[in-house]
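> Please find one structure pasted underneath; my questions will follow.
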Amino acid sequence: MPKELARSRVVLVPKKEVPMLVTDYRPISVCNVTYKIISKLLSKRLQPFIPAMVSPTQTAFTPGRQIGDNIIILREVLHSFSLKSYTTHSFCLKVDLSKAFDRMRWSFIFSVLKMHGMPPNYIRWITACVTSARFSILVNGSADGFIQPTNGLRQGCALSPYLFILAIDVLSRLLQFMVNEGQLKGVKIARGSPVLTSLMYADDLLIFGEASYEEVIELNNTLALFCEISGQEIGEDKSWIWFSNNTPNHIREFTVHTFRAKLATRAEVYLGSPITATRLTDFCPLLNKIEHKLQNWKSALLSQAGKMVLIKSVVEPTMLYAMQTSVLPKSVLKKIQSRIRSFFWNNGTEKRMSLLAWKHITVPKNQGGLGLKDLVKFTTSVHMKYLWHLASGTEALWVHIIKTKYLQRADLWSTKRTARCTPMWRAILAVRPVLKGNIRWQIENGKKCGAIGQPWHDLWPHYVPHNAAQRRLKLADLVGEQGIGWNTEKLIQAFDFHGALYIALTFPSGPSLTDRTDRLIFTPAKNGAFTIKEAYKLLIQAPMVPPGQNNIYNIIWNTPNILPRSRLFIWKAVRNALPVDHILSSRINKTAQGCALCGYRREDVVHTLFKCPRAQQVWLCSEFGLRTDALPEDAHQLLSTLLPVLSDKQTSSFISLCWQLWKGRCKEVYEGKKFTPNQIIHVARNLTFTLCSAQYTEGTRNHIQRPQTQDTQFVCYSDGSWIHEREGGAGWAYIIFTREETLIQYQLAVGCASSPFHAELKGLTFAVQSAADIGLSNCCFFTDCLELCRVINGDASVATVEWRTYHEMLRLMDLMRANPGYCCNHVGRDTNHLADNLAKLARVKRINCTDFTFPVLYL
């Protein structure tokens, strides 16, 4: 590795206000860009193999594992330690590895790579990246000289996290080996649960063991051995230990003395979260942290639009981590929401009136709100994620531990809450009614979905498994001979006669003979995959608003070239949330003073922006030439009438003019500054021109050009047309040409589809099947649906498509594979205009046409 590429710059950032020691500084290094590209390429080669190479107890930098997994396991273990029924003497040791990345020995890393059987060339590349490190420390902005390290992994290198977890995983494997050999016992919190010896999140290490003299000595020797061969050093001042309630004092004292760790208290923190999190005082650090983030910004200098950005980008992500790792009490959530509300409405220390209820602000933007999070509902969506993992059978360590601890005698949907359980388990059980009505198993081979008590048919809530054998029963166990259809006798035995009859009629073919496994579907999501975002959308659904009302909010938030504060202002106008005299006087039971500019007795939003004599002059002299005296008196009705008929540029000008009218009114009322109508129009026009100029890009004319098809004899264009207003009515069509553009065949069809993608899928399937039926063996199919094309070509997984179209998508892919001469490419809508027009014609006129003499070129 050339020295110029391997050089890194280091900046020392103080950890304390008055640093006194070298350890009081945190070194932050920046790598060379070329080196980062090289290390990124090497790490991309390594990343897919990481889940199989590291133990399930390591959750850092591993796809499919989350930081919250370890916290859930730790709290379940500590909860078991506190139960009277837990009779084993056990302990949990938090080991702090001091400067773990910087101390890792290179020879140890390379030995681990060889142990995993990595190719010699790959190991040489990694060796070159690791051993070529050269650091220059920036002092007062300048770097002088360099430091040549002999061990450690550098910051900013994409390889470092993966190399570290591979190296530290040796300790986890060593402890597990000792358990298998009977040298250690570890911790087992329930019958059938795995034996825990360690939990790791990068260098955050937890050790579990039996509190006995022999095991404590054995563990201490093992830690010392690992530190010796890897170069690690234990920071005794930050290590702590927690014992089960029944552990004798003399064993506690011996264990604390041997490990040289302090005795843990409720105030201890693991991965930034309190280890107990059951009392309100446990969440004081979270409240202080959010208060600190809000106070760091001078709210008096931020507009409300700026405060919205701050809340969404800083406060809500902080809350998300806390929600994923702890069950926040409603009292804590209300305190946080109250603080956010005060920050949004108030101006620093100056308290101001909340002009709109917070429940209206947390509504989605397209439903009339600002899209800020309702913390209670957002917390519920986070808990639904954990329930989803339990229901879908995720292969995670925490899922296995939860199931063995709480689901020994009942299934997930029928079990009842016990008196002694963790807050997380109570929260998971509390969200069952919400998730229960929005999930469904998509059956494939039947080896994953349980037969009884699982949501794969409509009658599933009426059948509850009563014993372990019924809970273990899978759908594949009910298949008939040779794997075809149902075994009637087993089906009746598992259900009653009526249930078996319903299943046989509803699912006559039963599970299929395929390698595809069953998957749990979250029905509100488009692709069936559960996400916190989709769950929150389900919970926050506001009452449906009329189409016109919904349309105006889309215009406000989606029209380009509008300042954020102008958008927020016009939204307030629509929601009657501007501080005009009529609204303020009605809130504080004060006699209305009327309009301060013209003396009119009622100053509401419409009067201020449109019907005040000053405003009437502005609108009449503006580019709109608008006479406002006959406009509606309701702000929402007025703006819903005007905005939809304007172009994007006119909408930008309209909102800018409203904003300048309001600013002019406020400056005249509160500062005594007067502006003429021409001045207001001039400022608004300049603002619109500046915004449009900044976003202007010179357009290029789209030339309709046929795609090159040199390798195929025929080309086929397909398309689908769908609108919601026709309750799923859809049309699709295809048209086939030779390579020389001679028309061969076209066809139109109508039917039902659930979405535009479904219509496109049906259109392409129709085209492929028809081409195969007429004997075309070499054909290229073109569609303007990029998602459909990417799935067929293998650039996207079939699991990403709409879940209702999953089996139809598989059928299309089988058709393509059955015809090796077929391929699929994406084209623009302009190129696909013939098929597009035919599909629209089929949908509108409800035409099924196979007349080859139909005037296609005219269309």
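> Say whether the condition of being crowded, with 17+ Cβ neighbours inside 10 Å, outside any loop (DSSP other than H, G, I, E, B) and modelled with pLDDT under 95 is met by at least one residue in segment 140-149.
No, every residue in segment 140-149 fails to be crowded, with 17+ Cβ neighbours inside 10 Å, outside any loop (DSSP other than H, G, I, E, B) and modelled with pLDDT under 95.
> In segment 601-625, which residue that is part of a loop (DSSP other than H, G, I, E, B) and more than 46 Å from the chain's Cα centre (by Cα) is farthest from residue 579 (Cα to Cα)?
Only one residue tops the list, namely 625.
> For the structure I just gave you, tell me whether residue 348 is more than 26 Å from residue 325 (Cα to Cα) and at pLDDT 90 or above. Even if it seems obvious, please write down each step before you answer.
Details: more than 26 Å from residue 325 (Cα to Cα): yes; at pLDDT 90 or above: no.
Considered against the rule, which asks whether it is more than 26 Å from residue 325 (Cα to Cα) and at pLDDT 90 or above, residue 348 comes out as no.
> So if I check each of 123, 189, which one is touching a Lys or Arg at 6+ places or on another chain (Cβ under 7 Å) and in a helix (DSSP H, G or I)?
Numbers: 189 fails: in a helix (DSSP H, G or I).
Step by step, each of 123, 189 is checked, and only 123 is touching a Lys or Arg at 6+ places or on another chain (Cβ under 7 Å) and in a helix (DSSP H, G or I).
> Which pairs do you get when a residue that is aliphatic (A, V, I, L, M), found in segment 319-330, comes within reach of a residue that is surrounded by fewer than 17 Cβ atoms within 10 Å (Cβ to Cβ), reach meaning Cβ atoms under 6 angstrom, with the pair 6+ apart or on two chains?
Hits for this filter: 327/423.
> Sticking with this structure for a sec: Quick one: residue 187 ticks every box in (1) touching an Asp or Glu at 6+ places or on another chain (Cβ under 8 Å); (2) farther than 24 Å from residue 65 by Cβ except a single one, so which number is it?
(2)
> Let me ask something else about it. Wholly within segment 756-859, which helices (runs of 4 or more DSSP H) include no fewer than the required count, namely at least 1 residues that are exposed (fewer than 15 other Cβ atoms within 10 Å of the Cβ), touching a strand residue (DSSP E or B) at 6+ places or on another chain (Cβ under 9 Å) and touching a residue at least 40 places away in the same chain (Cβ under 8 Å)? Even if it seems obvious, please write down each step before you answer.
Details: elements: 756-773, 786-792, 806-818, 833-845.
Of the helices (runs of 4 or more DSSP H) lying wholly inside segment 756-859, those with at least 1 residues that are exposed (fewer than 15 other Cβ atoms within 10 Å of the Cβ), touching a strand residue (DSSP E or B) at 6+ places or on another chain (Cβ under 9 Å) and touching a residue at least 40 places away in the same chain (Cβ under 8 Å) span 786-792, 833-845.
> Applying the selection to segment 44-69, what residues are assigned to a helix (DSSP H, G or I) and under 24 Å from the mean Cα position of the chain (by Cα)?
Quick first cut of segment 44-69, residues assigned to a helix (DSSP H, G or I) only: 44-53, 67-69.
Matches in segment 44-69: 44, 47, 48, 49, 50, 51, 67, 68, 69.
> With the structure loaded, tell me whether residue 480 is small (Gly, Ala, Ser) and farther than 26 Å from residue 814 by Cβ or whether it fails that test.
No: the conditions fail for residue 480.
> Quick test of your reading of the structure: residue 185 fulfils all but one of (1) exposed (fewer than 15 other Cβ atoms within 10 Å of the Cβ); (2) among the basic types (Lys, Arg); (3) without any contact (Cβ under 8 Å) to a residue 60 or more places away in the chain. Name the failing condition by number.
(1)
> Of (1) touching a residue at least 60 places away in the same chain (Cβ under 8 Å); (2) among the β-branched types (Val, Ile, Thr); (3) in a helix (DSSP H, G or I), residue 179 satisfies all except one. Which?
(1)
> Considering only residues that are under 34 Å from the mean Cα position of the chain (by Cα) and basic (Lys, Arg), look in segment 70-106 and name the one that is surrounded by the most Cβ atoms within 10 Å (Cβ to Cβ).
Checking each candidate, the answer is 75.
> Here's another thing I want to ask about it. Take residue 333 and decide whether it is at pLDDT 90 or above, more than 20 Å from the chain's Cα centre (by Cα) and either under 30 Å from residue 453 (Cβ atoms) or assigned to a loop (DSSP other than H, G, I, E, B) (or both).
Numbers: at pLDDT 90 or above: yes; more than 20 Å from the chain's Cα centre (by Cα): yes; either under 30 Å from residue 453 (Cβ atoms) or assigned to a loop (DSSP other than H, G, I, E, B) (or both): no.
Judged against the criteria, residue 333 is not a match.
The rows are residues; the columns are (1) of a type in the set (Gly, Ala, Ser); (2) in contact with a Phe, Trp or Tyr (Cβ under 7 Å, 6 or more places away or on another chain); (3) modelled with pLDDT under 90.
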| residue | (1), (2), (3) |
| --- | --- |
| 630 | yes, no, yes |
| 649 | no, no, no |
| 662 | no, yes, no |
| 665 | no, no, no |
| 674 | no, no, yes |
| 680 | no, no, no |
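> Please tell me if residue 307 is over 19 Å from the mean Cα position of the chain (by Cα), surrounded by fewer than 19 Cβ atoms within 10 Å (Cβ to Cβ), farther than 27 Å from residue 426 by Cα and of a type outside the set (Val, Ile, Thr).
Values: over 19 Å from the mean Cα position of the chain (by Cα): yes; surrounded by fewer than 19 Cβ atoms within 10 Å (Cβ to Cβ): no; farther than 27 Å from residue 426 by Cα: yes; of a type outside the set (Val, Ile, Thr): yes.
It is false that residue 307 is over 19 Å from the mean Cα position of the chain (by Cα), surrounded by fewer than 19 Cβ atoms within 10 Å (Cβ to Cβ), farther than 27 Å from residue 426 by Cα and of a type outside the set (Val, Ile, Thr).
> Which of (1) of a type in the set (Lys, Arg); (2) under 30 Å from residue 380 (Cα atoms); (3) surrounded by fewer than 17 Cβ atoms within 10 Å (Cβ to Cβ); (4) more than 29 Å from the chain's Cα centre (by Cα) does residue 436 not meet, given it meets every other one?
With respect to (1) of a type in the set (Lys, Arg); (2) under 30 Å from residue 380 (Cα atoms); (3) surrounded by fewer than 17 Cβ atoms within 10 Å (Cβ to Cβ); (4) more than 29 Å from the chain's Cα centre (by Cα), residue 436 is out only on (4).
> Still on this model: Of the residues that make up segment 578-597, is at least one within 19 Å of residue 559 (Cβ to Cβ) and either at pLDDT 90 or above or out of contact with any strand residue (DSSP E or B) (no Cβ under 6 Å at 6 or more places or on another chain) (or both)?
First, pick out the residues of segment 578-597 that are within 19 Å of residue 559 (Cβ to Cβ): none.
No, segment 578-597 contains no residue that is within 19 Å of residue 559 (Cβ to Cβ) and either at pLDDT 90 or above or out of contact with any strand residue (DSSP E or B) (no Cβ under 6 Å at 6 or more places or on another chain) (or both).
> What is the one condition in (1) without any contact (Cβ under 8 Å) to a residue 60 or more places away in the chain; (2) surrounded by fewer than 19 Cβ atoms within 10 Å (Cβ to Cβ); (3) part of a helix (DSSP H, G or I) that residue 109 does not satisfy?
(2)
> Tally the residues that are surrounded by fewer than 17 Cβ atoms within 10 Å (Cβ to Cβ), among the small types (Gly, Ala, Ser) and under 16 Å from residue 458 (Cβ atoms), restricting the search to segment 482-522.
Total satisfying the criteria: 1.
> Check residue 381 against each of (1) within 25 Å of residue 570 (Cα to Cα); (2) part of a helix (DSSP H, G or I); (3) of a type in the set (S, T, N, Q) and name the one condition it does not meet.
Of (1) within 25 Å of residue 570 (Cα to Cα); (2) part of a helix (DSSP H, G or I); (3) of a type in the set (S, T, N, Q), only one is false for residue 381: (1).
> Next question, about the same structure. Filter segment 1-42 for residues that are of a type outside the set (Lys, Arg), assigned to a loop (DSSP other than H, G, I, E, B) and touching an Asp or Glu at 6+ places or on another chain (Cβ under 9 Å); which is surrounded by the most Cβ atoms within 10 Å (Cβ to Cβ)? Quick ask: steps written out before the conclusion?
The initial filter retains those residues of segment 1-42 that are of a type outside the set (Lys, Arg), namely 1-2, 4-6, 8, 10-14, 17-25, 27-35, 37-39, 41-42.
After this cut, where a residue has to be assigned to a loop (DSSP other than H, G, I, E, B) as well, the list is 1-2, 17-21, 31-32.
Adding the requirement that they be touching an Asp or Glu at 6+ places or on another chain (Cβ under 9 Å) leaves 18, 32.
On the way: 18: 6, 32: 18.
Applying the filter and picking the extreme gives 32.
> To continue, here is another question. Across segment 572-617, which residue is surrounded by the fewest Cβ atoms within 10 Å (Cβ to Cβ) among those that are among the hydroxyl-bearing types (Ser, Thr, Tyr) and over 18 Å from residue 672 (Cα atoms)? Before the answer, list the steps.
First, pick out the residues of segment 572-617 that are among the hydroxyl-bearing types (Ser, Thr, Tyr): 585-586, 591, 600, 608.
From what's left, over 18 Å from residue 672 (Cα atoms): 585-586, 591, 600.
Numbers: 585: 16, 586: 11, 591: 6, 600: 16.
Once the filter is applied, the top-ranked residue is 591.
> Ok, one more. Just to be sure before I move on: is residue 196 modelled with pLDDT of 90 or more and touching a Gly at 6+ places or on another chain (Cβ under 8 Å) in the structure I sent?
Yes; evaluated as a whole, the condition is true for this residue.
> Select from segment 321-330 the residues that are part of a helix (DSSP H, G or I) and either under 21 Å from the mean Cα position of the chain (by Cα) or within 26 Å of residue 65 (Cα to Cα) (or both) and list them in ascending order.
So in segment 321-330, the residues part of a helix (DSSP H, G or I) come out as 321-325, 330.
Once the filter is applied, which keeps residues that are part of a helix (DSSP H, G or I) and either under 21 Å from the mean Cα position of the chain (by Cα) or within 26 Å of residue 65 (Cα to Cα) (or both), segment 321-330 yields 321, 322, 323, 324, 325.
> Do any residues in segment 1-17 that are within 17 Å of residue 125 (Cβ to Cβ) have Cβ atoms under 6 Å from those of residues that are surrounded by fewer than 16 Cβ atoms within 10 Å (Cβ to Cβ) and among the aliphatic types (A, V, I, L, M), where the two are at least six apart or on different chains, and which pairs are they?
Pairs found: 1/128.
> Within segment 221-257, restricting attention to residues that are in a helix (DSSP H, G or I) and among the polar types (S, T, N, Q), which residue is surrounded by the fewest Cβ atoms within 10 Å (Cβ to Cβ)? Working first, answer last.
To start, the set of residues in segment 221-257 that are in a helix (DSSP H, G or I) comprises 221-230, 236-238, 249-257.
Now restrict to residues that are among the polar types (S, T, N, Q): 221-222, 230, 249, 255.
On the way: 221: 11, 222: 18, 230: 23, 249: 8, 255: 26.
Filtering first and then ranking leaves 249.
> Pick out the one residue from 346, 366 that is buried (at least 16 other Cβ atoms within 10 Å of the Cβ) and closer than 14 Å to residue 568 by Cα. Please lay out each step first, then the result.
Numbers: 346 fails: closer than 14 Å to residue 568 by Cα.
That would be 366, the only listed residue that is buried (at least 16 other Cβ atoms within 10 Å of the Cβ) and closer than 14 Å to residue 568 by Cα.
> Show me the helices (runs of 4 or more DSSP H) found entirely inside segment 493-600 where at least 3 residues are farther than 29 Å from residue 650 by Cα. Write out each step before concluding.
Values: elements: 497-506, 532-539, 547-558, 564-574, 581-588.
Once the helices (runs of 4 or more DSSP H) in segment 493-600 are filtered for at least 3 residues that are farther than 29 Å from residue 650 by Cα, what remains is 497-506, 532-539, 581-588.
The values are calculated or read from the model by the stated rules, or taken from the named source; none is laboratory data. These figures come from a predicted structure and were not determined experimentally. Glycine also receives a Cβ, built like all others from the backbone with ideal geometry; neighbour counts cover every protein chain displayed.
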